[in-house]
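FYI, it's all coordinate maths here, none of it is from the lab. Given the structure is predicted, the values throughout are model-derived calculations rather than measurements. Quick reminder, even Gly has a Cβ in these numbers, built from the backbone with ideal geometry, and neighbours come from all protein chains shown.
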Amino acid sequence: MSTIHLSDDTLTVRLAPLTRLAGLLRDQRIPLTAVTSVEVVQDGLTAARGLRAPGLALPGRRKVGTWRGRGTRRMVDVRRGQPALRLQLRGQRYDELLLGHDDASALARRLSVRA
């Protein structure tokens, strides 16, 4: 599971060691100026669309890794029963982050105020 930390000018996503390994991912530091939109999705599992490359998907339970589709590269870390935060980015390694978070709505409000 990822932890999300928000400072005055940076969004930091820290991944658990097993998540990093399973999804072949690394922690992300995103300047808030790169965030172009923030959206809460109630079902992160169905929101992760495209081809998994590389990553891990346990059908109906968990998705972690990179999902690609139609010119979009997404970093995904979601699980069943947890809302997710979808962040559209500009000029970063990923075009989109899709991150499960127990209080995605509150985090989206905090991000919207700062972005």
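Mind checking which pairs have a first residue in the stretch 23-45 that is under 17 Å from Trp67 (Cα atoms) and a second that is acidic (Asp, Glu) and part of a strand (DSSP E or B), Cβ under 9 Å, 6 or more apart or different chains?
Matching pairs, first to second residue: Gly23/Asp77; Leu25/Asp77; Gly44/Asp77.
Residues to consider are Leu6, Leu15, Leu21, Leu25; find the one that is surrounded by 15 or more Cβ atoms within 10 Å (Cβ to Cβ) and over 14 Å from Tyr94 (Cα atoms). Give the derivation first.
Numbers: Leu6 fails: surrounded by 15 or more Cβ atoms within 10 Å (Cβ to Cβ); Leu21 fails: surrounded by 15 or more Cβ atoms within 10 Å (Cβ to Cβ); Leu25 fails: over 14 Å from Tyr94 (Cα atoms).
Residue meeting the stated conditions: Leu15.
List pairs: first in the stretch 71-82 and within 15 Å of Leu58 (Cα to Cα) and in contact (Cβ under 8 Å) with a residue 60 or more places away in the chain, second polar (S, T, N, Q) and surrounded by 15 or more Cβ atoms within 10 Å (Cβ to Cβ), Cβ under 9 Å, 6+ apart or cross-chain?
Close Cβ pairs satisfying both conditions: Asp77/Ser2; Asp77/Thr19.
Which ones in the stretch 32-48 are surrounded by 13 or more Cβ atoms within 10 Å (Cβ to Cβ), over 12 Å from the mean Cα position of the chain (by Cα) and of a type outside the set (Val, Ile, Thr)?
Leu32, Ala34, Ser37, Asp43
Taking the options Val64, Val76, name whichever one is within 16 Å of Ile30 (Cβ to Cβ), in a strand (DSSP E or B) and in contact with a strand residue (DSSP E or B) (Cβ under 7 Å, 6 or more places away or on another chain).
Numbers: Val64 fails: within 16 Å of Ile30 (Cβ to Cβ).
Residue meeting the stated conditions: Val76.
Given the conditions (1) more than 13 Å from the chain's Cα centre (by Cα); (2) more than 18 Å from Met1 (Cα to Cα); (3) part of a strand (DSSP E or B); (4) in contact (Cβ under 8 Å) with a residue 24 or more places away in the chain, which single one is not true for Ala53?
Among (1) more than 13 Å from the chain's Cα centre (by Cα); (2) more than 18 Å from Met1 (Cα to Cα); (3) part of a strand (DSSP E or B); (4) in contact (Cβ under 8 Å) with a residue 24 or more places away in the chain, the lone unmet condition for Ala53 is (4).
Looking at (1) surrounded by fewer than 20 Cβ atoms within 10 Å (Cβ to Cβ); (2) in a strand (DSSP E or B); (3) not acidic (Asp, Glu), find the lone condition where Gly81 falls short.
In the conditions (1) surrounded by fewer than 20 Cβ atoms within 10 Å (Cβ to Cβ); (2) in a strand (DSSP E or B); (3) not acidic (Asp, Glu), Gly81 misses (2) alone.
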